[in-house]
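No lab work stands behind these numbers, since they all come straight from the coordinates. This is a predicted model, so every value here is computed, not measured. Cβ: placed from backbone, ideal geometry, glycine included. Neighbour counts: every protein chain shown.
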Amino acid sequence: MASLTRALRPLSRSIPSARLASKRLPTGRPIQSAYAFSTSPRRRDAEYADLSTLPPTPISHLSETESLMADSVSKFAQEQIGPKVRDMDEAETMDAALVEQLFEQGLMGVEIPEEFGGAGMNFTAAIVAIEELARVDPSVSVMVDVHNTLVNTAIMRYGDAQSHRAWLPKLSTSTLGSFCLSEPASGSDAFALQTKAEKTADGYKLNGSKMWITNAMESGLFIVFANLNPSLGYKGITAFIVEKDTPGFSIAKKEKKLGIRASSTCVLNFDDVVIPKANLLGQEGQGYKYAINILNEGRIGIAAQMTGLALGAWENAARYVWNDRKQFGSLIGEFQGMQHQLAQAYTEIAAARALVYNAARKKEAGQEFVQDAAMAKLYASQVAGRVAGSAVEWMGGMGFVREGIAEKMFRDSKIGAIYEGTSNIQLTTIAKMLQKQYTN
Ligand SMILES: Cc1cc2nc3c(=O)[nH]c(=O)nc-3n(C[C@H](O)[C@H](O)[C@H](O)COP(=O)(O)OP(=O)(O)OC[C@H]3O[C@@H](n4cnc5c(N)ncnc54)[C@H](O)[C@@H]3O)c2cc1C
């Protein structure tokens, strides 16, 4: 199968940073828009020169490459994932052939440079893909999200040249990754983790357990945070790379969940897991910084997942009320009581999208984005919950049964307020930053 991202490469290379391009609205209607200021990391230095010289653009404006990425992923999701969504959810299993297809399509190495087999695109292109996948299946979306925004980012940013050569080609083309921070006793208080690392003559030995690890059933590579020097508290936390077949590593349990059921979530055990020195990621004692930085931007991915989910739930219900279901002699979408709810929900989705893309653009532009990412995740998950819940009601009994996707989207929406920092934790982050700003 031809790779979707490979087809976009020539375009990605030729597009100047500021040019007229069309943005496809989620409704599929194109509009003429203004200038893009963000495309590929390859041109980063030149583009970052002076943003103030560029005319302001609508926040949701996408470059031509990003826009085509949205179209291609949307088509792929509808044609290839759509028919499998219900079965995967019922079986609580990710389709192995689909994982392979996602690699073939280049969607598992969106930001990985081309020299390592990746698509060499920018962060926003990954966000676009995550959003479009979630419109059809939030489970597939989070698999792609964790792999791209957490695992690939960790290795690209903190790995040395040797790690890049060793892992990036695999992560681009064949090996799924997991990001292992949470433990049974440490969730929101992530840095209270108890997994221990100790130095050996030629590497490290890990002991402990991880909980809630996304992708674990399908992954071949695990980024594991463990404390190398507990006397230093969180400053002992260090990141390691563990391969699936390493002796002592095991998947202890696969969780049965309310939503995103095709996405695997597992408990992992590390029992005297010996790894070589080369599997240290970055520097000893820097793991907490890596985790904070990666999760700060990873939240934009979850916000995109929740925005895509909300839109998918909305569109599914909108089609039903405006085309299929009649009561009292009219399509139910003709009643003003329904129309106002649909309009309100769409407006909230648009507001969530604006927060998501604003946070993504600020990150790419090298600006402070932590508060923006927290606000985007908080709000997008709230919108997803509200819209997916309303969509069930708009469809009446048909929204409640397991034939369509309405009830699944509603179940899937709950996770947005939990992983990569609960809503309370996002509120705490936002409040802390505001307090700093408003304290004399
Ligand atoms: C499906 C799924 C997939 C996941 N994937 C991963 C993964 O791939 N890798 C990984 O490392 N982790 C993963 N997680 C873990 C996830 O990040 C944690 O569940 C999350 O951080 C919350 O931790 P917890 O579940 O222990 O809840 P707790 O921390 O026990 O929180 C419970 C409640 O207490 C509230 N609370 C806690 N502390 C405070 C506070 N200081 N102020 C106010 N309220 C507070 C929370 O907001 C929440 O409402 C996943 C979780 C799930 C459910």
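Structural remarks
- Close pairs (6 angstrom Cβ cut-off, 6 or more residues apart or separate chains): farther than 27 Å from Ser174 by Cα in the range 204-231, among the hydroxyl-bearing types (Ser, Thr, Tyr) anywhere: Gly208/Thr195; Leu228/Thr238
- Test for Asn358: is it surrounded by fewer than 24 Cβ atoms within 10 Å (Cβ to Cβ) and closer than 24 Å to Asn424 by Cβ: yes
- For beta carbons closer than 6 Å, sequence separation of 6+ or different chains, a first residue in the range 52-71 that is surrounded by fewer than 20 Cβ atoms within 10 Å (Cβ to Cβ) and a second that is part of a loop (DSSP other than H, G, I, E, B), the qualifying pairs are Leu54/Ala18; Leu54/Phe37; Glu64/Ile15.
- Any hit, the range 196-210, residues being out of contact with any helix residue (DSSP H, G or I) (no Cβ under 6 Å at 6 or more places or on another chain), under 30 Å from Lys75 (Cα atoms), among the hydroxyl-bearing types (Ser, Thr, Tyr) and within 16 Å of the ligand (Cβ to nearest atom): no
- Enumerated helices (runs of 4 or more DSSP H) restricted to the range 367-440, each holding at least 1 residues that are in contact (Cβ under 8 Å) with a residue 40 or more places away in the chain, under 30 Å from Phe335 (Cβ atoms) and within 16 Å of the ligand (Cβ to nearest atom): 370-394, 406-413
- Test result for Gln341, over 22 Å from Thr214 (Cβ atoms), away from the ligand (no atom under 15 Å from the Cβ) and either of a type in the set (Ser, Thr, Tyr) or assigned to a helix (DSSP H, G or I) (or both): yes
- Asp245 meets each of the listed conditions (1) in contact with a strand residue (DSSP E or B) (Cβ under 6 Å, 6 or more places away or on another chain); (2) among the acidic types (Asp, Glu); (3) free of Cβ contacts under 8 Å to residues at least 40 places away in the same chain apart from (1).
- Helices (runs of 4 or more DSSP H) enclosed by the range 94-188 - at least 2 residues per element that are away from the ligand (no atom under 16 Å from the Cβ) and farther than 17 Å from Ile81 by Cβ: 123-136, 153-158, 161-173
- Hits in the range 265-291 - residues which are of a type in the set (A, V, I, L, M, F, W, C) and within 13 Å of the ligand (Cβ to nearest atom): Cys266, Val267, Leu268, Ala291
- Some residue of the range 120-130 being touching a residue at least 60 places away in the same chain (Cβ under 8 Å), over 23 Å from Leu168 (Cα atoms) and not aliphatic (A, V, I, L, M): no
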